[in-house]
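Following: one structure in structure tokens, then a few remarks.
Here, each number is a calculation from the coordinates, and none is a lab measurement. Note that the structure is a prediction, hence the values are computed from the model and not measured. When we count neighbours, we look across all protein chains shown, and the Cβ atoms used for this are built from the backbone with ideal geometry, even at glycine.
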């Protein structure tokens, strides 16, 4: 029955123009066409097949990833792909590899921290992949606290060299992707010591392996740190361990854009403002938010399609059972995640704009918006990655038992995704940074310093502390103004409550430590407000296409009212809404689920993912789930023979009561 | 530095008698001694080593599991272990295997559903493992809805046989553990058809493989369903697919305790009440709750120990950084999970008592408590497994980046544990059953039928609908009566609200479907009340040992106040507590964290887990984490050579710009 579309009836139900929605999702017609073309190019090329990925032993998996990376590069060259297309191709190959770090961290570090001269020397080599680089920051004993790194780079004026050294076991570099088995070079972060003085952490370009035979250079100990969560997942990446025994590098391999060491060993700050480095941080975090919307939408796409295929209970008179997507309990778990995918997409789009804005200001030496941009990207990174990690696992559970099979794609998606909660800033540590910014904002209210950007609502603090929701019936919750005010009042009041409690402590830092859990909650409330408000702003734009805007409004309602219900304690506790109004929000939420239901399949079709990219039998576009699950089972290595390997040694003696003499 | 206890200082801080706590945790001195002895026996036997488990390819992993299972059985025989000891030994071998299903499902099914004659024939074979059996119920298209199974067993009076047949692809048995490659027999659930009539689902003993050469018998198609979530995890189990092409079995292989088919093909019900089967369900679910406390405590033990070892930030004047366990954000995530482990332990203990009680009543033909017992075991299975799955992943995140390594033990623990949320009743479906029972209970209030057991508080409904919490200061939340009343009022009011909303629907079933999400929330509130109240009951017992009871009181306070804070929306929305009282609960919670802190390590020591059982470098008893992580890394297959497999084919051509001619 190949070629039959088992979800055709679902697709017919859509009350909006799916093709237009695809463009909204992609961000622009250009982006749609680009992603559509490249994702299909990858999907149709057997060189990028994902077949059997979760069954491969580590070594074979890794070797196959090396092959794919080389093959991808070859295609990029032969097809003369642009940089944009090349990046997209790597994304759709969809397998963590050393190239991610080479292009995503090593090269940006050279560009951001290297002098023009250093860039002239190193970038051409890196662009052609004549050298392969990684980003060696984290150490075995030091993650979040970069200032605590132990690796040293001690300047030796005698030879005009730095001596890179790992003084302790815990100073071993640990985790950098691409480091273990592939990279020839690394940007190594180490404490700069010159003239007997420690000037803190700086980056250095260090060659690790021979460019001829790939052997580690003298003094360099390097290897892989071992298996990680999941079957295939991140095990295709050689996250590495690295330690140095007095390895010498020329002075000019210190990345010197922001500070230099002279031939004489003198430490000099350049006139380049340090804040420039924050631009990169904003960039990296906005791309993490964009990735969150991608990961969430993949999981939701799989769970939504399978929920329409799967039937369970509710059969009457021998008819078909009910599609599980028709159960309110399923909708109540699935639809808010679908709405979150869209919400994260739009806030990610806005962050892209913010990055441009910040960069323009930096170029004009305007650092005024930097703290706000820093706090808001930190908070949104934390919020969206946590919600996405949980959301993927929820989608897996929504697929019942079959979601536990690797062939569902969801275990791998989860295992590949969860590190996002930890890398580039642990999610809780980041919310504490947001909270610190919020407390500072509040302390400055009334000083004449007007809060800007995402905290500008704090400028209306007096109103927000007193106002009461005027919702009288469920439909009132469809008004953006009602929703926005509720989220603003909740966030403002939680922050003010924290600030009040903080003021009771003599020592502010002690208070901050003691109240950390409350502060995190206030920060989360603020970040949820940002997502809701950016979604509402998006809806004020002109959005073409029959029914498209209406669908987006339904999703926006679901996203915000679901949060309102989930965090009802905050909303009730801070007193902007009454228990009755909370319950009306819940009624409206249920009504929105019914509106969404007929459009669900088309809303996930709008993500425009190929079956190759989803790599999930449950999420197949055509819904032909059961025959394909059955087929896939027989490919397991255990099914190569009828009789299990080990039968003669271990099962037969058991059945035949001959264990006493068996070799076990 | 072997032999040094890096956590010794932590252990010195304990304000209670750890040895006595071990006995409380184990349940009795007997249970403590048994688990202590057997867990050490397994830990010290190299035959049960877990070394390299997450790195093995599927076939090798599976073969090694077969070896361990045979070896375990040999040890059980040679050491003449009792049944209790044998069960314990299998638990501490700690690797999912076909034996779990043979002992845990196949044999109990024979005992529960077989006639005395059938038991006489089959049990001795099974007890000696001359046959190996599994439990073949779930089908590719049918999970939760047992009544929807499609496999048929049609009686043929001509030959006095049943014909077992899989009429469709979706009727293939799918998931049963031990089925794929090992079991020689299965209890197969199929629709009993005789005389042209379908009598619903019944169990049948069916031989699948030859007892000589282990080949599948004619008409039997059987195999493994493929890779599942995680590296080692459940991939040591041969979850299987099975279909029948008109396989014939003698009539007396229908399990006939409850109903029979005569030689003439007549369907007859026995006088054994069907309710007896519910006893087994209560048993299985109580053991799942007990397992939840074990899994949660393992994860918590690892995260707690590592949180005391790991230091990050807060270094002053070059001193050591702060132990992460001292951060309130860490405590606020970790300590409620530690408290949950104890809470689930005690509610599991109570369920064991309930099982005995139910069985005694069943034996006396008293079915009166069955609906309540059924609802409460269903709800507690759902509540504890969901909380534990989430808790394990939270513990993994609490270990930062290193928690993502397989050597932390946490990825495997998660992957092995999560199916508990789905098997033996999907957790959401189960809460809907609880909700149905609650709605029925409420509808019968005032009819003179007094609610019993865990719903007896509903008998005080008038009081609970009106009462207001009298908490005036934070310490008032230490009073069990204050906590209990809050949880009772919240649960009662949520149920009553649902009942009121339901009554607005003309069609009750439609109303139930529409309000399903609210009903689930009411059911969860009820189940949380059960856990809290059973913990409070436990504390009313005499508990010996210096400081032991005090620690348990602290944990009880943390468990309940954390829930109160997390679900503040319920508590405020139903109006028993005020926002101010909610905030006092939070203050008290923080104070309890500080009381717990010095005892944290000793409270996880009380679980008495061996390093073998934990199988986690981060959770090592001696806290010697970093050197062991470093050591373990080098064992990865990728580190067998300095130069990666694939260097010559894929990396060198890249570096040397020779891709054009490379074979990729």
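Can you sort A:68, A:580 by how many other beta carbons sit within 10 Å, fewest first?
A:580, A:68
Under Stokes-Einstein, with the Kirkwood radius over Cα pairs standing in for Rh, what whole-number D in µm²/s applies to the range A:563-639 at 4 °C and 1.567 mPa s?
Working: Rh = 16.4 Å.
Taking Rh from Cα pairs, D becomes 79 µm²/s.
Give me the distance in nm between label points sitting 7 Å out from Cα along the Cα-to-Cβ direction at residue B:541 and residue B:263, one decimal.
Spacing of the two 7 Å Cα→Cβ label points: 5.5 nm.
Counting other C-beta atoms within 10 Å, which of A:436, B:298, A:468, B:80 has the fewest, and how do the rest follow?
So the residues, fewest neighbours to most, are B:80, A:468, A:436, B:298.
What's the Kirkwood radius of the range A:198-253 in Å, using all Cα pairs?
13.7 Å
In nm, what does the list of distances from residue B:123 to its counterparts in the other copies look like, shortest first, when each label sits 7 Å along Cα to Cβ?
When each copy's label point is compared with this one, the spacings are 8.0 nm.
What are the semi-axes of the equivalent ellipsoid of the range A:277-605, taken as the square roots of 5 times the eigenvalues of the Cα gyration tensor, listed largest first and rounded to whole Å?
For the range A:277-605, the semi-axes come out at 35, 23, 19 Å.
To the nearest 500 deg cm²/dmol, what mean residue ellipticity at 222 nm is calculated for the protein assembly as shown from DSSP H runs of n ≥ 4 alone, each contributing -39,500 (n - 2.57), summed and divided by the residues?
Only helices count here, giving -16500 deg cm²/dmol.
Just the ratio, please: alpha-carbon radius of gyration of the range A:155-202 over 2.2 N^0.38 Å, N its number of residues.
Taking N as the residue count of the range A:155-202, the ratio is 1.33.
Based on the alpha carbons, how large is the Rg to Rh ratio for the range B:379-455 when Rh follows Kirkwood? The partial results should precede the final answer.
Numbers: Rg = 18.3 Å, Rh = 14.8 Å.
So for the range B:379-455, dividing Rg by the Kirkwood Rh gives 1.24.
For a quick check: sort A:106, A:512, B:204 by the number of other beta carbons within 10 angstrom, fewest at the front.
A:512, B:204, A:106
Based on the alpha-carbon set only, what is the convex hull volume of the range B:31-183 divided per residue, in Å³?
Taking the convex hull of the Cα positions in the range B:31-183, it is 165 Å³ per residue.
Using alpha carbons only, what's the Rg to Rh ratio of the range A:289-401 with Rh from Kirkwood?
Rounded to two decimals, Rg/Rh equals 1.22.
Work out the P(r) tail for the range A:1-101: percent of alpha carbon pairs separated by more than 22 Å, whole number.
When all Cα pairs of the range A:1-101 are counted, 47 percent exceed 22 Å.
Beyond 13 Å, what share of the Cα-Cα pairs of the range B:85-155 remains, rounded to the nearest whole percent?
The calculated P(r) of the range B:85-155 puts 72 percent of pairs beyond 13 Å.
In angstroms, what radius of gyration and Dmax does the protein assembly as shown have, counting Cα atoms only?
31.2, 106
Run through the other copies and list how far each one's label point is from that of residue A:268, in nm with one decimal, shortest first; the point sits 7 Å from Cα along Cα-Cβ.
Spelled out, the distances from residue A:268's label point are 10.5 nm.
Using only the Cα atoms of the range A:107-272, construct the convex hull and provide its projected area averaged over every direction, in square nanometres to one decimal.
Mean shadow area of the hull around the Cα atoms is 10.1 nm².
Mind listing the label-point distances from residue B:200 to the same position on all other copies, shortest first, one decimal in nm, points 7 Å along Cα→Cβ?
7.4
Taking only the alpha carbons of chain A, what extent do you get along each of the three principal axes, in Å, biggest first?
Largest to smallest, the principal-axis extents are 89, 82, 60 Å.
Obtain the radius of gyration and the Kirkwood radius of the range A:136-222 from its C-alpha atoms and give Rg over Rh.
Here Rg/Rh amounts to 0.97.
Just need the relative contact order of chain A here, percent rounded to a whole number, with Cα pairs under 8 Å and 6+ apart.
Values: 1036 pairs, mean separation 110.6, N = 664.
It comes to 17 percent, rounded to a whole number.
At 25 °C and 0.890 mPa s, what whole-number value in µm²/s does Stokes-Einstein give for the translational diffusion of the range B:475-631, with Rh from the Kirkwood sum over Cα pairs?
It diffuses with D of about 133 µm²/s by this estimate.
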